[in-house]
Ligand code: GRG
């Protein structure tokens with residue numbers, strides 16, 4: 001199957017699973033469930049679930065065993081987007097080309113929607129079948145660590161505190177390790193864990209996820225500069241242009257492109273211990289780098 005078909009098919013499988021896991025839109029109290037579904041089914045790329053399923057495949061596992069972890073990482077991702085868009089954070093009006101959750105449902109409901117999606121992520125993850133090496137405790141601990149104040153939330157804190165300041169490349173890397181690379185890495189690791197991967201294989205996935213996550217963020221920053229906001233389907237936060245440090249702002253566009261290519265090469269190198277089964281992951285890394293051109 002070519003990559004485009006694979007991405008489309010996998011995203012549909014994940015959407016179907018998510019539809020079955022989430023409370024129905026009419027289930028009471030209906031507003032919160034409608035808000036959750038509005039945010040989840042808003043047309044995201046499903047990159048994290050795709051990585052989770054491809055990692056399971058790379059470790060010789062069954063896609064069906066990786067579906068609950070794949071949905072869990074997307075639910076955590078969606079929660080972070082809903083909260084990130086709030087007026088108290090980035091104050092965005094559009095997300096994935098549609099009005100943000102708080103624009104449609106109000107701020108209070110959007111806070112609750114994010115909270116509910118985060119909680120739902122663990123409800124769904126707890127349904128993942130245990131393997132010989134990894135039980136429910138290991139799955140939950142993996143995602144909880146990434147969602148906590150040392151990773152996702154910590155990254156957001158560093159980002160908030162860095163606003164309006166001149167950041168160094170090192171500062172930026174720290175933010176993106178926590179905000180972006182951590183959840184991509186956990187998506188891969190959970191896929192590997194669903195396939196009962198050996199610690200050596202999980203280590204390879206971790207190194208791949210770290211480099212891929214940083215590359216993804218550099219590319220995202222480049223796209224913010226080179227593509228119109230209309231094409232990206234999002235708007236900048238009210239003062240984003242003046243307040244946020246990005247790779248192109250610190251390194252320049254050319255050096256940022258070289259950095260993205262270097263990180264992608266490191267990511268691919270990290271896959272070596274997984275052998276031929278990791279071909280799909282390698283293909284995804286190459287595809288993400290090409291998004292720019
Ligand atoms: C806990 C509020 C809170 C925030 C945590 C993850 C995060 C920090 C904020 C989300 C916003 C953001 C710009 C994160 C950086 C990672 C990134 C580029 C996210 C967008 O991911 P895509 O491109 O989005 O995969 P889609 O819409 O395709 O799912």
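The values are calculated or read from the model by the stated rules, or taken from the named source; none is laboratory data. Remember, it's a predicted structure, so these values are computed and weren't measured experimentally. Quick reminder, even Gly has a Cβ in these numbers, built from the backbone with ideal geometry, and neighbours come from all protein chains shown.
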- Item | Of residues in segment 86-106 being crowded, with 17+ Cβ neighbours inside 10 Å, part of a loop (DSSP other than H, G, I, E, B) and free of Cβ contacts under 8 Å to residues at least 40 places away in the same chain, the one nearest to the ligand (Cβ to nearest atom) | 86
- Message: The conditions are (1) part of a helix (DSSP H, G or I); (2) touching a helix residue (DSSP H, G or I) at 6+ places or on another chain (Cβ under 9 Å); (3) surrounded by fewer than 17 Cβ atoms within 10 Å (Cβ to Cβ), and residue 1 fails exactly one of them. Which is it?
- Response: (1)
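Results for (1) in contact with a helix residue (DSSP H, G or I) (Cβ under 7 Å, 6 or more places away or on another chain); (2) away from the ligand (no atom under 16 Å from the Cβ); (3) farther than 23 Å from residue 105 by Cβ, shown as yes or no for each residue.
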site: 25; (1), (2), (3): yes, yes, no
site: 33; (1), (2), (3): no, yes, no
site: 36; (1), (2), (3): yes, no, no
site: 48; (1), (2), (3): yes, no, yes
site: 59; (1), (2), (3): yes, yes, yes
site: 67; (1), (2), (3): yes, yes, yes
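Matching residues to (1) in contact with a strand residue (DSSP E or B) (Cβ under 7 Å, 6 or more places away or on another chain); (2) modelled with pLDDT of 95 or more; (3) closer than 23 Å to residue 97 by Cα:
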{"residue": "194", "(1), (2), (3)": "no, yes, no"}
{"residue": "198", "(1), (2), (3)": "no, yes, no"}
{"residue": "210", "(1), (2), (3)": "no, yes, no"}
{"residue": "223", "(1), (2), (3)": "no, no, yes"}
{"residue": "230", "(1), (2), (3)": "no, no, yes"}
{"residue": "236", "(1), (2), (3)": "no, no, yes"}
{"residue": "247", "(1), (2), (3)": "no, no, no"}
{"residue": "252", "(1), (2), (3)": "no, no, no"}
- Task: Would you be able to tell me the number of residues in segment 146-160 that are farther than 14 Å from residue 83 by Cα, surrounded by 12 or more Cβ atoms within 10 Å (Cβ to Cβ) and without any contact (Cβ under 8 Å) to a residue 12 or more places away in the chain?
- Result: 1
- Message: Can you say whether residue 12 is exposed (fewer than 15 other Cβ atoms within 10 Å of the Cβ), assigned to a helix (DSSP H, G or I) and away from the ligand (no atom under 16 Å from the Cβ), as far as the supplied structure shows?
- Response: no
- Examine segment 71-83 for a residue that is farther than 22 Å from residue 157 by Cα, within 16 Å of the ligand (Cβ to nearest atom) and buried (at least 19 other Cβ atoms within 10 Å of the Cβ), and state whether such a residue exists. yes
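Consider segment 252-278. How many of its residues are assigned to a helix (DSSP H, G or I) and either touching a residue at least 60 places away in the same chain (Cβ under 8 Å) or touching a helix residue (DSSP H, G or I) at 6+ places or on another chain (Cβ under 6 Å) (or both)?
Initial filter on segment 252-278 (assigned to a helix (DSSP H, G or I)): 253-270, 272-278.
Narrowing the set further to residues that are either touching a residue at least 60 places away in the same chain (Cβ under 8 Å) or touching a helix residue (DSSP H, G or I) at 6+ places or on another chain (Cβ under 6 Å) (or both) leaves 256, 259-260, 263-264, 266-268, 270, 272-274, 277-278.
Count: 14.
Residues to consider are 84, 93; find the one that is modelled with pLDDT of 95 or more and in contact with a strand residue (DSSP E or B) (Cβ under 8 Å, 6 or more places away or on another chain).
On the way: 84 fails: in contact with a strand residue (DSSP E or B) (Cβ under 8 Å, 6 or more places away or on another chain).
Unique residue meeting the criteria: 93.
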- Message: Residues to consider are 206, 186, 180; find the one that is under 16 Å from the mean Cα position of the chain (by Cα), within 9 Å of the ligand (Cβ to nearest atom) and part of a helix (DSSP H, G or I).
- Response: 180
- Message: I'm checking my understanding of the structure. Among residues of segment 133-177 that are outside any helix (DSSP H, G or I) and within 13 Å of the ligand (Cβ to nearest atom), which one is farthest from residue 189 (Cα to Cα)?
- Response: 149
